[in-house]
Amino acid sequence: MRQIAARLDVPTGDARLLQLANNAVFALPDPTLVIRIARTHRLRDRVAKVVALAHWFALMNAPTIRLAPAAPEPMAVGDLLASVWTYVPPTPPGPTVDDLGQVLREFHALPVPSIEPPEWDPIGDARRRLADAEGLRQDEHDFLSTWCDRLEPQLTALRQRTASGLIHGDAHVGNLLREPSGRVVMCDFDATCLGPWQVDLAAVAANETRFGEVGYHARMVASYGVDVTTDPCWPLLRDARELKMIAAATPLLATSSAVAAEFRWRVRSVQEDDHEARWTPFADLER
């Protein structure tokens, strides 16, 4: 972060860590920047995709955060890549799930980007996470690999029979910001791709059960206008979402005992078919 800030000739005296998961995200409020660093070289392609999307979002005036004008392209430090964004200061009231439904309706109405984002592929993403895992036990690797094998043909069939459009890929309230103007915008486009729009609604529905966000799903239904849990594809989407919520931690197991403990709790609850087990967000554990 300091090397990037030095190259941009901006101070770091007020820098603070916002998140430490697959990305290390630092806010620099004084120069109004956010520096987002992918913590593994395996995510280099993802950083380039996100930056290309951000340029297109700006052209479309999409409800999304903007790249910092001083750094319109990815910045490399060693094997790692970072993107630099315009800082959005905390503006009350905080975004809600009602805002999420409204923003998603606007986001889903966007045309297919000219840069051709990748197709929704939760299995491919999970397998890449497993390949980058350190500290993953063999039995855990086998369980997650078998889960991928079971879901893959079902998700392939779903993609073939469902219309595809632009989806955020990780749509939850934590990925919303309210600008000083009052407009609510989305951030974190690592998972943005082309896929069934139901994927974005499944996140809130799955999170309600796992993270105890009671009432969020009902408000999402009222805001967006669709109840994804009544869709025939819901059980499959929930399964894919839970795989994502578990596999996301595998590259971090060797660096955080708290994340490793939560990861193993999540795996155990799925193995025991316990849909009522409560999980703790990984981002909360890293703070």
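The values are calculated or read from the model by the stated rules, or taken from the named source; none is laboratory data. Everything numeric in this text was worked out from a predicted model, so none of it was measured. Every residue, glycine as well, gets a Cβ built from its backbone with ideal geometry; the counts of neighbours run over all protein chains shown.
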Study note, to complete from the structure: Here the residues within region 157-196 that are farther than 25 Å from Gly94 by Cβ, at pLDDT 95 or above and in contact with a helix residue (DSSP H, G or I) (Cβ under 8 Å, 6 or more places away or on another chain) are Leu158, Gly165, Leu166, Gly195, Pro196
Revision key, fill the gap. Filtering region 1-31 down to residues that are exposed (fewer than 15 other Cβ atoms within 10 Å of the Cβ) and either in a loop (DSSP other than H, G, I, E, B) or among the small types (Gly, Ala, Ser) (or both) yields Ala6, Asp9, Pro11, Gly13, Asp14, Pro29, Asp30
Study note, to complete from the structure: Taking region 89-130 and keeping only residues that are more than 17 Å from Asp188 (Cβ to Cβ) and among the β-branched types (Val, Ile, Thr), one is left with Thr91, Thr96, Val112, Ile115, Ile123
Check your understanding: Given the conditions (1) surrounded by fewer than 18 Cβ atoms within 10 Å (Cβ to Cβ); (2) in the same structural domain as Glu134 (by TED's automatic domain parsing); (3) in contact with a strand residue (DSSP E or B) (Cβ under 6 Å, 6 or more places away or on another chain), which single one is not true for Val103?
Key -> (1)
Check your understanding: Of all the residues that make up region 225-248, how many are more than 28 Å from Ala133 (Cα to Cα), touching a His at 6+ places or on another chain (Cβ under 9 Å) and either part of a helix (DSSP H, G or I) or at pLDDT below 95 (or both)?
Key -> 2
Revision key, fill the gap. Output for Cβ contacts, cut-off 6 Å, separation at least six or different chains, first residue among the β-branched types (Val, Ile, Thr) in region 220-242, second part of a helix (DSSP H, G or I) and at pLDDT 95 or above, reads Val228/Gln198; Val228/Leu201; Val228/Ala202; Val228/Ala205; Val228/Trp234; Thr229/Ala205
Practice item. Only one of these is buried (at least 19 other Cβ atoms within 10 Å of the Cβ), outside the structural domain of Glu179 (by TED's automatic domain parsing) and assigned to a helix (DSSP H, G or I): Leu59, Leu81, Leu43. Name it. Key: Leu43
Check your understanding: Scanning region 167-207 for residues that are among the β-branched types (Val, Ile, Thr) and under 20 Å from Ala52 (Cα atoms), which turns out nearest to the chain's Cα centre (by Cα)?
Key -> Thr192
Review point. Restricting attention to region 242-287, and to residues there that are of a type in the set (Gly, Ala, Ser) and more than 16 Å from the chain's Cα centre (by Cα), which single residue is farthest from Ala206 (Cα to Cα)?
Key: Ala254
Review point. Would region 199-217 turn up any residue that is more than 22 Å from Thr280 (Cα to Cα), modelled with pLDDT of 95 or more and touching a helix residue (DSSP H, G or I) at 6+ places or on another chain (Cβ under 6 Å)?
Key: no
Practice item. Please state which of the following conditions Glu152 fails to meet, knowing it meets all the rest: (1) in contact with a Leu (Cβ under 9 Å, 6 or more places away or on another chain); (2) modelled with pLDDT of 95 or more. Key: (1)
Review point. Which residue pairs have Cβ atoms closer than 9 Å, lie 6 or more positions apart in sequence or on different chains, and pair a first residue in region 150-162 that is within 11 Å of Pro122 (Cβ to Cβ) with a second residue that is of a type in the set (Phe, Trp, Tyr)?
Key: Leu155/Trp120; Arg159/Trp120
